[in-house]
Amino acid sequence: MISDYFPIILQTLAALGFAAAALGLSVLLGKKGSHSDSKETPYECGMLPIGDGAPRFSVKFYMVAMLFVIFDIEVVFMYPWAVSFVDLIKSNATTIWSMAGFAGILTVAYLYALKKGALNWKS
């Protein structure tokens, strides 16, 4: 039974050995770097790194991103249904009503987001 796993064990040992040898040779033969305060500061396109590093984004950006993810996921659910649409209709006619309900709920959610101004960048 162990002979079935011998090629996998051998390949794992070879990979670990190669990784250890490559790291060891780079430490032994590699050039030692010099450290200074100017080299340790982050490079900011020629600008001195002063202040916060992360810029603040508007809440509108996150709202549009979440709405995109929500309405993009609907395609994940609709695509398999559309591929097997003919077979589903032949076997059970209620499948079209279930998908119509799903699309209806998403339409109501989209209209609600439009009414609340979630996609309006200027306000």
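Points to keep in mind about this one:
- Helices (runs of 4 or more DSSP H) contained entirely in the stretch 1-106, each with at least 3 residues that are within 31 Å of the chain's Cα centre (by Cα) and either on the phi > 0 side of the Ramachandran plot or surrounded by 10 or more Cβ atoms within 10 Å (Cβ to Cβ) (or both): 6-29, 59-83
- Within the stretch 107-123, the set of residues being part of a helix (DSSP H, G or I) and not polar (S, T, N, Q) comprises 108, 109, 110, 111, 112, 113, 114, 115, 116.
FYI, it's all coordinate maths here, none of it is from the lab. What you see is a predicted model, and the numbers here were worked out from it, not measured in a lab. Note that we place each Cβ from the backbone using ideal geometry, even for glycine, and neighbour counts take in every protein chain shown.
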